[in-house]
1. May I ask you to say which residue of Ala42, Ala56 is of a type outside the set (Asp, Glu) and closer than 18 Å to Leu99 by Cα?
2. Mind checking whether some residue in the stretch 78-86 is of a type in the set (Ser, Thr, Tyr) and either closer than 18 Å to Leu99 by Cα or touching an Asp or Glu at 6+ places or on another chain (Cβ under 9 Å) (or both)?
3. Might you let me know whether the stretch 13-30 holds any residue that is more than 29 Å from Ile107 (Cβ to Cβ), of a type in the set (A, V, I, L, M) and modelled with pLDDT of 95 or more?
4. Restricting to the stretch 83-99, name every residue that is touching a residue at least 40 places away in the same chain (Cβ under 8 Å) and either in the same structural domain as Thr26 (by TED's automatic domain parsing) or not acidic (Asp, Glu) (or both).
5. Regarding the stretch 51-58, can at least one residue be identified that is of a type in the set (Gly, Ala, Ser), at pLDDT 95 or above and not assigned by TED's automatic domain parsing to the domain that holds Leu91?
Amino acid sequence: MVGHYDRRLNTIYIDPRTSCRTQRCTIVHELIHWEDDDGPCANDWLNNKRELRVEAETARRLISIDAVVDGLLWCIDHSELAEHWDVDVHLVMLRLEVLTDEEQDIITFFVDAEEEFIVA
């Protein structure tokens, strides 16, 4: 386990042996649990649902739409995006999966503008 929020003790634990990048992602993830005052779940299904919600929010907080646009214009793969955004590849893929319609429109606008600039 890389990190854990203990509601009873109001404490977040992070494995100090992990990389700074992993610690950064984990602390944001666990802070969301803390903000939501998450306690134990009644069953695995509810726990998995909550973890997916927290992971998606972690990706949104760590990777802004401006960073998404910039990264998609200049990086060639998920590994390069992860390095550019200082997150792990899992969060890269998740951030791209949870783009809103508005965010997708923003990306399309800037990618199209970049293509027009290159052609001109």
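1. Every option except Ala56 fails the conditions.
2. Looking only at the stretch 78-86, we keep the residues that are of a type in the set (Ser, Thr, Tyr), and these are 79.
Going one step further and asking which of them are either closer than 18 Å to Leu99 by Cα or touching an Asp or Glu at 6+ places or on another chain (Cβ under 9 Å) (or both), we end up with none.
Scanning the stretch 78-86 turns up no residue that is of a type in the set (Ser, Thr, Tyr) and either closer than 18 Å to Leu99 by Cα or touching an Asp or Glu at 6+ places or on another chain (Cβ under 9 Å) (or both).
3. Checking the stretch 13-30: at least one residue is more than 29 Å from Ile107 (Cβ to Cβ), of a type in the set (A, V, I, L, M) and modelled with pLDDT of 95 or more.
4. Val87, Leu91, Val98
5. Start the filter on the stretch 51-58 by keeping residues that are of a type in the set (Gly, Ala, Ser), which leaves 56.
Subsequent filtering for residues that are at pLDDT 95 or above retains 56.
Cutting the leftovers down to not assigned by TED's automatic domain parsing to the domain that holds Leu91 gives us 56.
Yes - at least one qualifying residue is present in the stretch 51-58.
The values are calculated or read from the model by the stated rules, or taken from the named source; none is laboratory data. Everything numeric here is computed off the predicted structure, so don't read it as measured data. Here the Cβ is made from the backbone with ideal geometry for all residues, glycine too, and neighbour counts use every protein chain on show.
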